Amino acid sequence: MAKTFDVGIGSLVSDGVRAPAAQQASGREAAAVALLPLPLRGAPGAAPPGDGSVPAGKSFFLETFGCQMNDHDSEKVAGVLQGRGYHAVESPALADLVLYNTCSIREKAAQKVFARLGDWKTLADGKIIGVLGCLAQQEGEEIFERAPWVSLVCGSASYRKLPDLIAQLESGGRRVTGLDLDTDQTFETEITRRDNMLRAYITIIEGCDYACSYCVVPHTRGPERSRASDAVLSEARRLADAGYTEIQLLGQTVNSYRDPSPRQWKFVDLLRGVAAVPGIRRVRFTTSHPNDFHRSIVEAIDEVPELCDHVHLPVQSGSTRVLRDMLRTYTREEYLEKIVWIRAARRPISITSDVIVGFPGETEADFAETLSLLDAAQYDAIFSFKYSPRPNTSAMHMPDAIPEEEKSRRLAVLNEHQRAIQIAANQRRIGQCYEVLVDGRHPQRTQWGGRTTCNRLINFTSPRGNLLGEYVQVKITRAGPNSFAGEHVT
Ligand code: 5AD
Ligand code: SF4
């Protein structure tokens, strides 16, 4: 019998902390298995010049916390700064402008940012320190109280104002804020610094119009705004011309997309449109809301080979009663019906999910329903979280809070349950061949890493060199719960 092993990315189901979503999908996990990350795509200002000299002018350092949306926002913020003559440096100590693009989805994420800000208490002199993103929006001017050395606080719904805000700081302004949420505009930039050489992100919808009772996002990112389909398609064409073959469409509820232009495309039309751009071989999308997940999306994946066979469809809980308290707008049965559609597709589609344990009032019976939903859904992977009460959410003051130890226990049980599902499913894949886009290499250069269209991570050996960026066939020889090992089929 093949020995079970794990090639190293166990955090998916093991620690209750969401691996940054970009890791999930961008191949950065490769670093965790000792694969070298890809070089940057030669973006101006993305790194110091290779000759060791320091470019003249103003410098910035930008650290990003949280999800893929934040990662991509940071690429655009970096583009804005480069447009204003700034260049990126690799250490905050060397930067004139230090920015943190923050996350506040769970308390731990917020604490991490405040710890970072604390580092500057005695060192900030002469630098501009700024807080961007969700924590900026959530805490607003309070941040100036807690960290008086901060001079810029700007939420993502106000990024269009960033050039102005930075101009104010450059001309001596001491404290500037961008905290409006009542916007119907999206963040468009002329320059975007692309940090992943193979996969390019395109935000198609910003904000969220749902009101899940545990979630800060509607408060921190504002109302839902979709970009015009023409703007999305032109960006996809530009990316294909620049050599990208894989595009990931982003949105907090990506499939709620509604084209504001007269063409009035729905999400599925946009999916087909982007997949038809010459040169694009893979189109991914995340995150889908079950309520807006229609059969037409499965049909499109079945018909269009460029659409990746992976759907991230967060369920959050397997109990209809808890789902109602979470204001998720669907029942367990309605959710599972969508899983049946996906499973009935002609090509196998991988499904992943987010699950929260310990929501207020979650009983043992509710939790048991979440476990049984895992059995029914047979997810490829889950991101699992302990419920974390957040400011400005309706669940914040709900009665019957679950004690912390009990949340931890449920999380461990959940992860163990899912791990067994993944081990069994992955063992069945041994011997199968998959197309892999190679996005990392082992220092010894004999082992490579990449993703299948289902977004499965495979590390493999090859007699060939220089595989980065290539699509190759790999046969799976061993399987762990979260990744695979294989051989290049030449
Ligand atoms: N507590 C725990 N997990 C949360 N998530 C969102 N808000 C909270 C919270 N307050 C999880 C959800 C969501 C993912 C991005 O983060 O599962 O899908
Ligand atoms: Fe948060 Fe719910 Fe909106 Fe997702 S759909 S971002 S969980 S409010």
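Under 5 Å between amide hydrogens, built in the peptide plane, is the criterion, and for Ser350 it picks out His310, Val311 among residues at least 5 positions away or on other chains. DSSP beta bridges confined to region 92-227 are antiparallel in about 15 percent of cases.
Of the accessible area of region 166-268, computed with a 1.4 Å probe over protein heavy atoms only, carbon and sulfur atoms account for 46 percent. Across region 121-138, computed HN-Hα scalar couplings (Karplus, 6.51 cos²θ - 1.76 cosθ + 1.60, θ = phi - 60°) run 3, 10, 10, 5, 2, x, 9, 9, 10, x, 10, 10, x, 5, 5, 4, 5, 5 Hz from first to last residue, x flagging Gly and Pro. Beyond 30 Å between alpha-carbons counts as too far, so tell me which of Lys266/Lys475; Lys407/Lys475; Lys76/Lys266; Lys386/Lys475; Lys266/Lys338; Lys76/Lys108 fall in that bin. Pairs exceeding 30 Å: Lys266/Lys475; Lys407/Lys475; Lys386/Lys475.
Would you mind checking region 163-180 for residues with the amide N under 19 Å from a putative spin-label position 7 Å along Cα→C-beta of Glu142? From region 163-180, the list is 176-180. With the cut-off at under 15 Å, measuring from each backbone N in region 470-490 to a point 7 Å along the Cα-to-Cβ line of Glu435 picks out 470-475, 489. DSSP assigns beta bridges within the chain; of those with both partners inside it, close to 35 percent run antiparallel.
Taking amide H as placed 1.01 Å from N in the peptide plane, Tyr379 has no amide H partner under 5 Å among residues 5 or more places away or on another chain.
A simple packing score, the average count of other Cβ atoms within 10 Å per residue, orders the peptides 133-140, 293-300, 434-441 as 133-140, 434-441, 293-300, with the highest score first.
Considering only beta bridges that DSSP places wholly inside region 155-279, some 40 percent are antiparallel. Can you pull out the cysteines in the chain that have no other Cys Cβ under 4.7 Å? Unpaired cysteines in the chain: Cys67, Cys103, Cys134, Cys154, Cys208, Cys308, Cys433, Cys454. Close amide H pairs (under 5 Å, H built 1.01 Å from N) link Phe285 with Leu249, residues at least 5 positions away or on another chain.
With every protein chain kept in place and ligands, DNA and RNA left out, what is the accessible area per residue of the chain? Probe 1.4 Å, answer in Å².
41 Å²
For the set Lys76, Lys127, Lys161, solvent exposure ranked by accessible area (probe 1.4 Å, protein chains only) runs largest to smallest as Lys161, Lys127, Lys76. Phi-derived couplings, Karplus 6.51 cos²θ - 1.76 cosθ + 1.60 at θ = phi - 60°, listed residue by residue for region 238-252: 4, 5, 4, 4, 7, x, 6, 10, 10, 10, 10, 7, 10, x, 4 Hz, with x used for Gly and Pro.
Ranking request for peptides 348-356, 165-173: highest mean number of other beta-carbon atoms within 10 Å first, then the rest in descending order.
Ranked by mean Cβ neighbours within 10 Å, highest first: 348-356, 165-173.
Modelled spin labels at Asp96 and Glu405, positioned 7 Å past Cα toward Cβ, are 5.5 nm from each other. In order along region 76-85, the phi-based Karplus estimate (6.51 cos²θ - 1.76 cosθ + 1.60, θ = phi - 60°) of 3J(HN,Hα) comes to 6, 4, 4, x, 4, 5, 4, x, 9, x Hz; Gly and Pro are listed as x.
From most to least packed by mean Cβ count within 10 Å, the peptides 259-270, 389-400 give 259-270, 389-400. Taking the protein heavy atoms of region 322-398 in the context of the full set of protein chains, the accessible area attributed to carbon and sulfur is 59 percent at 1.4 Å. Here the simple spin-label model places points 7 Å from the Cα toward Cβ, and for Gln168 and Ile423 these points are separated by 5.7 nm.
The values are calculated or read from the model by the stated rules, or taken from the named source; none is laboratory data. Worth saying up front: this structure is predicted, and the values here are computed from it rather than measured. When we count neighbours, we look across all protein chains shown, and the Cβ atoms used for this are built from the backbone with ideal geometry, even at glycine. The accessibility values were calculated without ligands, DNA or RNA, using every heavy atom of the protein model including side chains. Shrake-Rupley method; radii C 1.70, N 1.55, O 1.52, S 1.80 Å.
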